[in-house]
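Data block below; observations after.
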Amino acid sequence: MESTSAYVGEILVRHGAITPEKLESVVERSRDSRESLSDRLVESGALDEETLVRALAQEAGLDVLTEIDADKVPPEIVDRVPMAFARQNGVLPISIHDDRVTVALSNPLDPSPLDDIRALLGREVAGVAVPPSVIADVIGRVYERKTEAALDEAHKDNEEEEELQDLTDMADEAPVIRWVNNLFSTALRDRASDIHIEPTDNAVSVRYRIDGRLIPRKSAHRGFLPSIVSRIKIEADLNIAEKRLPQDGRITKKIGGKLVDMRVSTVPTAKGERIVIRLLDKANVMLNLTDLGFDRRELATMEYLIQRPNGIVLVTGPTGSGKTTSLYACLNKINVPMRNILTVEDPVEYELPGIGQVHVRPKIGLTFASGLRSFLRQDPDVIMVGEIRDSETAEIAIHASLTGHLVMSTLHTNDAPTAVTRLVDMGIQPFQISSSVMAVLAQRLVRRLCRHCCNPYQPTSEDLLELGLNPRSARELWELKDSTPPPAPEPDLPGDLQDSLADEIPTEVNAQKSERRQRRSEPPMFYLPGGCEFCSGTGYRGRIGIYELMVVSEPIRREILNGSDSKTIMRVAVNQGMRTLREDGARKVLAGLTSVDEVLAATQAGDPEVT
């Protein structure tokens with residue numbers, strides 16, 4: 001493998017795709033990795049897939065295609081190539097002209113699959129280089145079309161048979177197995193977080209939750225509902241004969257080379273059993289704070305807070321706002337051998353190496369409170385509690401923080417100041433809160449605009465007012481766009497943090513000032529979603545967080561001790577320099593990362609008035 005990697009690296013350097021220094025850096029950082037050099041280079045961001053494939057194709061003397069229309073791939077040639085072979089080798093026949101078949105190759109340096117396809121088709125073949133992600137996507141779409149056709153054909157063959165079948169036999173029908181497997185692979189390809197399988201009067205409807213929105217994707221004839229449900233239950237190790245009670249199970253599958261964990265939930269409804277499957281793609285979880293969308297000032301503050309030896313950091317927001325991901329990123333940042341880190345979660349969504357993670361089991365008495373209490377006898381340095389739901393858990397967390405432990409947890413509140421009143425409602429005394437809680441981070445997720453099709457426009461005064469901006473403040477933020485000015489330190493933070501923030505003025509500040517002077521003559525721009533193949537016509541691809549970080553400074557601590565309400569604490573926090581969720585959203589709108597509609601939808605509910 002080392003010799004192959006050296007050969008590939010030599011080709012890339014010779015064709016100018018990467019510098020020798022950058023190549024050596026990637027090789028050195030991932031020396032123990034079992035992945036190919038090509039995969040390591042792409043994953044590290046050293047070069048993109050297209051640049052990689054072009055260099056290798058140039059060496060092999062092949063043409064390059066960057067896009068393939070799955071609808072134009074002839075089914076008669078695909079039918080003779082097994083899907084497993086196509087996926088394993090990263091190849092697919094995509095067209096036929098004058099009895100010669102054009103075959104897409106993900107690895108131009110390995111033409112051996114062409115010989116197999118030549119034997120399978122009995123025709124002459126010619127290779128063309130295509131980026132691996134493009135081939136994987138087209139393979140999924142082409143064979144999905146085959147699977148849907150096979151399921152329809154199976155229904156036509158059996159629609160007149162009325163006699164009852166054994167549930168296990170139904171679940172083992174080849175078209176059903178292929179349809180369910182394709183359901184999983186398509187969901188992973190489309191970056192879905194959940195699969196909803198819902199029976200209707202005439203069909204089985206499938207919707208995927210993509211970037212927080214439910215989108216219809218597939219359907220099957222109503223007659224296949226028992227077969228589909230039974231197949232999924234078998235995979236999840238559930239009771240296929242029990243249709244009256246809800247059931248929960250788990251499936252772990254390797255899809256496209258990735259290990260995917262799926263949580264299965266079934267619920268009986270009037271029209272039949274309904275299934276929701278949560279997909280946990282371990283390869284896609286963001287475990288770096290820098291990837292979550294923090295502003296530079298908030299990022300520096302968070303990095304300081306999670307290095308503290310004791311205290312409580314709370315992350316708040318509704319279900320699905322990315323709280324657990326933020327906590328995982330914090331743990332990953334401080335996960336070193338000299339720290340003992342323990343977590344108690346419901347459930348353990350992602351396994352973090354080097355961290356002790358406990359799954360709560362209320363039926364046997366293992367709750368957040370009991371797990372947290374037992375942790376104190378495990379000599380921990382850092383404790384993460386999945387959620388503070390009751391006064392017992394809150395009191396133990398506060399006790400742990402006051403006895404020399406860093407505690408991180410979540411609460412369900414709309415904004416950061418409301419976390420204080422929520423703890424008071426649980427029966428926690430204000431003096432306990434003020435002496436233990438270091439900071440509260442409120443967050444939401446907004447969809448990220450597709451960079452391929454977003455459309456700029458000049459905002460009206462109404463657009464600015466909706467985001468809480470005026471023309472002057474909007475222009476000031478616009479001048480700072482794409483720059484990294486020195487951040488203003490958070491008020492009342494320790495001197496060492498303020499000094500470290502003040503020292504972070506980049507060397508290119510003068511150049512950035514020049515850019516800002518040039519930008520002053522430009523009007524601020526907002527962006528609208530478009531719609532293209534890259535984002536499946538939605539105008540958005542991926543999500544990014546917007547944040548409200550309230551550090552418990554001395555003025556805020558006094559308000560907590562005085563029993564002030566959340567609006568009063570909010571006013572003090574804003575006067576102390578805290579950015580609200582909407583203000584952070586406005587910055588991301590001006591940066592072209594998201595749209596006005598996304599920010600307003602995420603922040604309007606429960607938004608306090610700050611005067």
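The values are calculated or read from the model by the stated rules, or taken from the named source; none is laboratory data. None of the values given here were measured: they were computed from a predicted structure. Heads up, the Cβs are rebuilt from the backbone with ideal geometry, glycines too, and the neighbour counts pull from every protein chain shown. Quick note on the areas: whole protein, heavy atoms, side chains included, nothing else; ligands and nucleic acids left out. Shrake-Rupley method; radii C 1.70, N 1.55, O 1.52, S 1.80 Å.
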| message | Yes or no: the range 583-605 includes at least one residue that is farther than 24 Å from SER321 by Cβ, out of contact with any Leu (no Cβ under 8 Å at 6 or more places or on another chain), open to solvent by 60 Å² or more (accessible area, probe 1.4 Å) and touching a residue at least 12 places away in the same chain (Cβ under 8 Å). | response | no
| For ALA270, all conditions in the list (1) among the aliphatic types (A, V, I, L, M); (2) surrounded by fewer than 17 Cβ atoms within 10 Å (Cβ to Cβ); (3) touching a residue at least 12 places away in the same chain (Cβ under 8 Å) hold save one; what is the number of the exception? | (3)
| When you go through ILE355, ILE398 one by one, which is the residue that is touching a Ser or Thr at 6+ places or on another chain (Cβ under 7 Å) and farther than 21 Å from LEU411 by Cα? | ILE355
| Test set (1) touching an Asp or Glu at 6+ places or on another chain (Cβ under 7 Å); (2) open to solvent by 20 Å² or more (accessible area, probe 1.4 Å); (3) modelled with pLDDT under 90 - ASP291 fails condition number | (1)
| Scanning the range 336-355 for residues that are modelled with pLDDT of 90 or more and within 23 Å of the chain's Cα centre (by Cα), which turns out surrounded by the most Cβ atoms within 10 Å (Cβ to Cβ)? | VAL344
| request: Read through the list (1) out of contact with any Asp or Glu (no Cβ under 9 Å at 6 or more places or on another chain); (2) open to solvent by 60 Å² or more (accessible area, probe 1.4 Å); (3) in contact (Cβ under 8 Å) with a residue 12 or more places away in the chain, then give the number of the only condition that ARG377 fails. | output: (3)
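Can you pull out the residues in the range 328-375 that are within 20 Å of ARG250 (Cβ to Cβ), in a helix (DSSP H, G or I) and aromatic (Phe, Trp, Tyr)?
Result: TYR328, single match.
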| request: Tell me the helices (runs of 4 or more DSSP H) entirely within the range 25-96 that contain at least 1 residues that are over 31 Å from the mean Cα position of the chain (by Cα) and exposed (fewer than 13 other Cβ atoms within 10 Å of the Cβ). | output: 75-78
| field | Which listed residue is closer than 20 Å to PRO175 by Cβ and within 24 Å of the chain's Cα centre (by Cα), from LYS258, LYS253, LYS233 | value | LYS253
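Suppose we filter the range 294-323 for residues that are polar (S, T, N, Q) and at pLDDT 90 or above; how many remain?
Kept after step one, since they are polar (S, T, N, Q), are these residues of the range 294-323: 301, 307, 310, 316, 319, 321.
Applying the additional criterion that residues be at pLDDT 90 or above yields 301, 307, 310, 316.
Qualifying residue count for the region: 4.
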| query | Give me the pairs: first residue in the range 109-126 and among the charged types (D, E, K, R), second residue assigned to a helix (DSSP H, G or I) and open to solvent by less than 70 Å² (accessible area, probe 1.4 Å), beta-carbon distance under 8 Å, and six or more apart or on different chains, which are they? | reply | ASP116/PHE85; ASP116/ASN89
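Quick one: which helices (runs of 4 or more DSSP H) sit completely within the range 550-599 and have at least 1 residues that are in contact with a strand residue (DSSP E or B) (Cβ under 8 Å, 6 or more places away or on another chain), modelled with pLDDT under 95 and of a type in the set (Asp, Glu)? Show your work before the answer.
Numbers: elements: 554-561, 566-575, 581-590.
Per the criteria, 581-590.
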| task | Please find, within the range 296-327, the residue that is most open to solvent (accessible area, probe 1.4 Å) out of those that are closer than 24 Å to ILE210 by Cβ and in a loop (DSSP other than H, G, I, E, B). | result | THR319
| note | How many residues of the range 425-443 are over 22 Å from ASN575 (Cα atoms) and open to solvent by 10 Å² or more (accessible area, probe 1.4 Å)? The answer is 6
| request: Test VAL574 against the criterion of being under 26 Å from THR319 (Cα atoms), of a type in the set (A, V, I, L, M) and open to solvent by 10 Å² or more (accessible area, probe 1.4 Å), and give yes or no. | output: yes
| task | Residue by residue through the range 235-252, note down the ones that are surrounded by 15 or more Cβ atoms within 10 Å (Cβ to Cβ) and closer than 17 Å to ILE177 by Cα. | result | GLU235, ALA236, LEU238, ILE240, ILE251
| said: I need a count of the residues in the range 400-424 that are closer than 21 Å to ASP346 by Cβ and either open to solvent by 30 Å² or more (accessible area, probe 1.4 Å) or aromatic (Phe, Trp, Tyr) (or both). | reply: 2
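I'm checking my understanding of the structure. Among residues of the range 519-549 that are among the hydrophobic types (A, V, I, L, M, F, W, C), open to solvent by 30 Å² or more (accessible area, probe 1.4 Å) and not in a strand (DSSP E or B), which one is farthest from TYR457 (Cα to Cα)? Lay out the reasoning, then the answer.
The initial filter retains those residues of the range 519-549 that are among the hydrophobic types (A, V, I, L, M, F, W, C), namely 525-526, 528, 532, 534-535, 544, 546, 549.
Keeping just the survivors that are open to solvent by 30 Å² or more (accessible area, probe 1.4 Å) gives 525, 528, 532, 534.
If we keep only those that are not in a strand (DSSP E or B) too, we end up with 525, 532, 534.
On the way: MET525: 6, CYS532: 18, PHE534: 22 Å.
Result: PHE534.
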